[in-house]
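> Here it is, the structure, as C-alpha cells.
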Amino acid sequence: MDGVQCSVVIPVYNSSCSIEEVVERTISLFETDGIVFEIILVDDYSRDDSLSKINKMSSRDKRISIIPLEKNHGQQGAIKAGINIAKGEYIITMDDDLEHQPDDIIKLIEEILIKLKP
C-alpha cells in the first residue's frame with residue numbers, strides 16, 4: 001500500500017464485541033477527511049471470535065491488515081508487531097475497546113502537523 005499517510009495499529013484481545021465498531025468508526029473518520037490510511041489489527045491470541053471477525057473485515061477492505069499471533073504477547077508486544085509492518089508516515093496506536101475514541105485521531109494528527117510547521 002504505497003502512499004499511506006497514516007497507519008493505525010490496534011492490538012486485539014478478546015474484543016469481538018467492540019472491534020467492528022472501532023474499525024468502522026476509524027475508517028469513516030479517515031474517509032471523511034480524505035486521508036490515505038491502513039489499519040493493522042494484531043490478534044494477540046484471542047480466545048473469543050475476534051480473529052474470525054477481523055478476518056471478515058479484512059476480506060472486505062484491503063486497507064485492513066491482520067497479524068494473528070500464535071501466542072499471547074501482551075499489548076506492547078502486539079503493538080510492536082503492528083508497528084514493524086506499518087507503512088504510514090504517521091503511526092497511531094489505539095485500544096480495541098473504544099477507550100481511545102477514533103475521533104481523537106484527527107485531533108492528534110492536527111497537533112502533530114502544527115508542531116512540524118517551520
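The values are calculated or read from the model by the stated rules, or taken from the named source; none is laboratory data. For clarity, every value in this text was computed on a predicted model and none was experimentally measured. Glycine gets a Cβ as well: all are built from the backbone with ideal geometry, and neighbour counts include every protein chain shown. Accessible surface is based on the protein model in full, side chains and every heavy atom, while ligands, DNA and RNA are left aside. Shrake-Rupley method; radii C 1.70, N 1.55, O 1.52, S 1.80 Å.
> Among Pro118, Pro102, which is modelled with pLDDT under 95, crowded, with 17+ Cβ neighbours inside 10 Å and assigned to a loop (DSSP other than H, G, I, E, B)? It would help to see each step written out before you state the result.
On the way: Pro118 fails: crowded, with 17+ Cβ neighbours inside 10 Å.
Of the residues listed, the single one that is modelled with pLDDT under 95, crowded, with 17+ Cβ neighbours inside 10 Å and assigned to a loop (DSSP other than H, G, I, E, B) is Pro102.
> Do we find a residue being open to solvent by 20 Å² or more (accessible area, probe 1.4 Å) and more than 20 Å from Leu113 (Cα to Cα) anywhere in the range 28-40?
Going through the range 28-40, the residues open to solvent by 20 Å² or more (accessible area, probe 1.4 Å) turn out to be 28-29, 31-36.
Filter again for more than 20 Å from Leu113 (Cα to Cα), leaving 28.
There is at least one residue in the range 28-40 that is open to solvent by 20 Å² or more (accessible area, probe 1.4 Å) and more than 20 Å from Leu113 (Cα to Cα).
> What are the residues in the range 12-27 that are out of contact with any Lys or Arg (no Cβ under 9 Å at 6 or more places or on another chain), of a type outside the set (Lys, Arg) and open to solvent by 10 Å² or more (accessible area, probe 1.4 Å), if any?
Matches in the range 12-27: Cys17, Ser18, Glu21, Glu24.
> Looking at Asn72 and the list (1) open to solvent by 50 Å² or more (accessible area, probe 1.4 Å); (2) out of contact with any Asp or Glu (no Cβ under 9 Å at 6 or more places or on another chain), which single condition is not satisfied?
It fails just one condition, (2).
> Among the hydrophobic types (A, V, I, L, M, F, W, C), assigned to a helix (DSSP H, G or I) and without any contact (Cβ under 8 Å) to a residue 40 or more places away in the chain: does that describe Leu51? Lay out the reasoning, then the answer.
Values: among the hydrophobic types (A, V, I, L, M, F, W, C): yes; assigned to a helix (DSSP H, G or I): yes; without any contact (Cβ under 8 Å) to a residue 40 or more places away in the chain: yes.
Considered against the rule, which asks whether it is among the hydrophobic types (A, V, I, L, M, F, W, C), assigned to a helix (DSSP H, G or I) and without any contact (Cβ under 8 Å) to a residue 40 or more places away in the chain, Leu51 comes out as yes.
> Right, here's the next one. Looking only at residues that are in contact with a strand residue (DSSP E or B) (Cβ under 9 Å, 6 or more places away or on another chain) and modelled with pLDDT of 95 or more in the range 12-36, which one is farthest from Gln76 (Cα to Cα)?
That would be Ile27.
> Failed condition for Glu31, given (1) under 13 Å from the mean Cα position of the chain (by Cα); (2) outside any loop (DSSP other than H, G, I, E, B); (3) acidic (Asp, Glu), with all others met?
(1)
> It is to be established whether one or more residues within the range 83-90 are in a helix (DSSP H, G or I) and surrounded by 14 or more Cβ atoms within 10 Å (Cβ to Cβ).
Pass one, the range 83-90, residues in a helix (DSSP H, G or I): 83-85.
Within this subset, residues satisfying the condition of being surrounded by 14 or more Cβ atoms within 10 Å (Cβ to Cβ) are 83.
Within the range 83-90 (the criterion being in a helix (DSSP H, G or I) and surrounded by 14 or more Cβ atoms within 10 Å (Cβ to Cβ)), the answer is yes, since at least one residue qualifies.
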